[in-house]
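Here the structure comes first, spelled out in structure tokens, and everything after it is commentary.
The values are calculated or read from the model by the stated rules, or taken from the named source; none is laboratory data. Note that the structure is a prediction, hence the values are computed from the model and not measured. Every residue, glycine as well, gets a Cβ built from its backbone with ideal geometry; the counts of neighbours run over all protein chains shown. Remember, those area values only see protein heavy atoms, side chains included, never the ligands or the DNA or RNA. Shrake-Rupley method; radii C 1.70, N 1.55, O 1.52, S 1.80 Å.
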Amino acid sequence: MAKPEQEPSLPIPENAPDTVPVLVPLALPAPYDYLVPEGARVSPGTFVVVPLGPVKYAAAVWRRPEGAAPPKIPRKRLREILGVLDGVPPLPPLSLDFAEWVADYTLTPPGMVLRMMMSATAAFEPPPPRYGVRLTGPPPERMTPARTRVLEAAENGLIWVKSLLAEAAGVSPGVIDGLVDAGTLTTEPLPDTVARELDPSRLRATLSEEQTAAANQLLDNTRGGFAVSLLDGVTGSGKTEVYFEVIAQALAAGKQALVMIPEIALTSAFLARCEERFGARPAEWHSGLTQSARGRTWRAVAEGKAQLVVGARSALFLPFPNLGLIVVDEEHDQAYKQEDRVSYQARDMAVVRGHLGKCPVVLSSATPSIESLVNAEQGRYRHIPLRARYKAAGLPGLAAIDMRKDAPEKGAWLSPVLVDAMAETLERGEQALLFLNRRGYAPLTLCRKCGYRFECPNCSAWMVEHRFRHRLECHHCGKFAPIPEECPSCGAEESLVACGPGVERIAEEVAERFPEARRAILSSDLTPRIADLRETLREIEDREVDVVIGTQLVAKGHHFPGLALVGVVDADLGLAQGDPRAAERTFQLLSQVTGRAGREAIPGRGLLQTYLPEHPVLQALVAGDRDAFYAQEIAARREAGMPPFGRLASILISGTDRAAAENHAREVARAAPPADTIQVLGPAEAPLAVIRGRYRYRLLVKAPREADIQAYIRLWMENAPKARGSLRLSIDIDPYNFL
Ligand code: ADP
Ligand code: ZN
């Protein structure tokens, strides 16, 4: 469509711009300008299709920085928007603000943030019609009891989702298909299901005195726009019941609410709990959903129909037009930190989103992050404590087992003290849980004859034996190989020995010691399917299991009423990692996992196997003195200028050639602009020196809290040599991973 060329100086009518910036969801430095086709109406946030090179992209119309004039690009060089996606709700203005903020802060191209906001491809296509079945025809010639039940269930004449009708009648889906073939049921398009309204006041719990006080403080602090509350209550104190009150408040005010939770495996129990409380299932958002379900949730959020969304960290990037509350449950959890593509900390970004959208934020945890606790101490967040458990007599009593004194027998991993405690627990008909944060059977396999160790050919890591799956596996790149009969180095037979325990090996020991006990292993590699995992969790809850052996999968959120004893097989494991949060993380993880015990009538008990009983983390756990731990850890961070008292950024340089990667890291380091208060440390070979055949070098930027670390790195990167060939450079602001 040829238009007369305009003089660039002609004023462009305000409401009919004929070129607009469009942000394409790719790693590009900025939005590009496109011509608006005649008659098309677009504004910032409108989704359009644009050509870029030979490819067409769904993209979002963006906006120019305030006061900026349209670029003076000759019109002939501009390409035209190919189509406007009228059926897709536009991105609300706040999503544009948020995308820009996140891009600036994390030093990522804004298009990559937009890409996260658009990660529901089905939302950008017309929703496919969904079909159900309805009872319209005569009964089939051949009747069976199953068929009779279906006819009874479908009698109401409504259009049923096939799986729901099968469930209601207690038959397999095949029976329904048979009735469709017989002409008794007909297939009809499902009506557009309008989400059921949530009822803020449906099933309110009667709160205890302490809970009421907390709820009132929380309601008070969430009423007037942006404010952050730290709901800091021991496990089982009823934090969820308390923040349900503020969700109810948001819903009653006609606002949308978002609850973020770290583990998708937990969502099913949590969704059921929300449904009980508010009378309808909330919308869910996580990577386990099908594309079409993601598309439906995305649209329902954008259209304001989804009132309550429960999701993983990426739910923060959904296009809420009317968000009135964000709850970050288990706010200390490391799962909130995303490391690939755009690296961001979702808890921190939730606070930013709340600030931009003038909406309150609630952070909830039994073991708050140091960052949040310091913010509360300094008055930026309101601290709302809950000190008592709701039902249980008290918190589990914790004790350390000094492994130097009470050592396990040769070839065993459980101390006699722990074994005795398990025996007592099982005798009383109660459950025990053994926690070891290590998948597989053994972390290292070696040859007794020649000392050969199985190492991953692509990574600087040992191959982990997975006995149930009969193979050796690298936990960093996923490479696996069968366990050989003989040593690949010296050829000796039956010379291979497994060193150290993983959960599978602990399960083996439990089977030997307590052959009668019903066991369940919870480990992500053994229960890769969410449905199986949920089933195992249900079995534990219903006390169909006596001993649970699990990785950190068991640490989070679950409510196991029959659990009396938690044994931590290796309490020192997390302390060995020398990163700035090792102590904090260990304290949180061990508090969480031992907090699974004694949630109801049964008094709980936790035993920590350790070689370092004098370590401050273990001392604080055993003494039940969390305040001492936090005080000490906060003082240590302040002293060292570590977060939140100082700021960190990590720069990782990698390449397939070791010398090239190291040289590049040195050159980048040399280009660092001089600064008085900002330090650049390194390059140093990363602790995991090789992953997937890539050699890795780290630089660490350390700055005072008030420094603009982003501005510094931006300036630096402008002057630094560019990564070419196989070399890569990635920047992580506020890093959590130092490996
Ligand atoms: P937290 O989130 O602090 O770990 P929850 O909110 O999950 O605690 O509460 C622990 C258990 O106690 C849950 O089963 C919950 O339903 C129950 N509970 C807590 N407070 C109440 C209450 N006021 N009335 C009834 N049940 C409660
Ligand atoms: Zn590997």
Looking at segment 241-259 only, could you name the residues that are surrounded by 21 or more Cβ atoms within 10 Å (Cβ to Cβ) and either within 6 Å of ligand 1 (Cβ to nearest atom) or of a type in the set (S, T, N, Q) (or both)? Q256
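Residue-wise test of (1) modelled with pLDDT under 95; (2) hydrophobic (A, V, I, L, M, F, W, C).
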site: A312; (1), (2): yes, yes
site: F317; (1), (2): no, yes
site: I326; (1), (2): no, yes
site: D333; (1), (2): yes, no
site: Q338; (1), (2): yes, no
site: V342; (1), (2): yes, yes
site: A346; (1), (2): no, yes
site: M349; (1), (2): no, yes
Single residue of A272, A215 found to be within 30 Å of P603 (Cα to Cα) and surrounded by fewer than 19 Cβ atoms within 10 Å (Cβ to Cβ): A272
Matching residues in segment 228-239 (open to solvent by less than 20 Å² (accessible area, probe 1.4 Å) and either within 6 Å of ligand 1 (Cβ to nearest atom) or small (G, A, S) (or both)) number 5
Among the residues of segment 294-304, which ones are surrounded by 15 or more Cβ atoms within 10 Å (Cβ to Cβ) and in contact (Cβ under 8 Å) with a residue 60 or more places away in the chain? R294, G295, R296, T297, W298, R299, A300, A302
Given the options G288, G279, name the one that is in contact (Cβ under 8 Å) with a residue 60 or more places away in the chain, touching a helix residue (DSSP H, G or I) at 6+ places or on another chain (Cβ under 8 Å) and open to solvent by 10 Å² or more (accessible area, probe 1.4 Å). G288
Just one of the numbered conditions (1) of a type outside the set (K, R); (2) closer than 30 Å to E424 by Cα; (3) more than 16 Å from ligand 1 (Cβ to nearest atom) is not true of G562; which one? (3)
Just one of the numbered conditions (1) free of Cβ contacts under 8 Å to residues at least 60 places away in the same chain; (2) of a type in the set (A, V, I, L, M, F, W, C); (3) more than 24 Å from M422 (Cβ to Cβ); (4) open to solvent by less than 40 Å² (accessible area, probe 1.4 Å) is not true of A576; which one? (4)
Tell me, yes or no, whether segment 622-633 has at least one residue that is in contact (Cβ under 8 Å) with a residue 60 or more places away in the chain and closer than 23 Å to N737 by Cα. yes
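Considering A511, A555, which residue is open to solvent by 30 Å² or more (accessible area, probe 1.4 Å), small (G, A, S) and out of contact with any Phe, Trp or Tyr (no Cβ under 6 Å at 6 or more places or on another chain)?
A511
For (1) touching a helix residue (DSSP H, G or I) at 6+ places or on another chain (Cβ under 7 Å); (2) aromatic (F, W, Y); (3) open to solvent by less than 30 Å² (accessible area, probe 1.4 Å), each residue gets a yes or a no:
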{"site": "E473", "(1), (2), (3)": "no, no, yes"}
{"site": "K479", "(1), (2), (3)": "no, no, no"}
{"site": "C487", "(1), (2), (3)": "no, no, yes"}
{"site": "C490", "(1), (2), (3)": "no, no, no"}
{"site": "E493", "(1), (2), (3)": "no, no, no"}
{"site": "C499", "(1), (2), (3)": "no, no, no"}
{"site": "E504", "(1), (2), (3)": "no, no, yes"}
{"site": "E516", "(1), (2), (3)": "no, no, no"}
{"site": "I521", "(1), (2), (3)": "yes, no, no"}
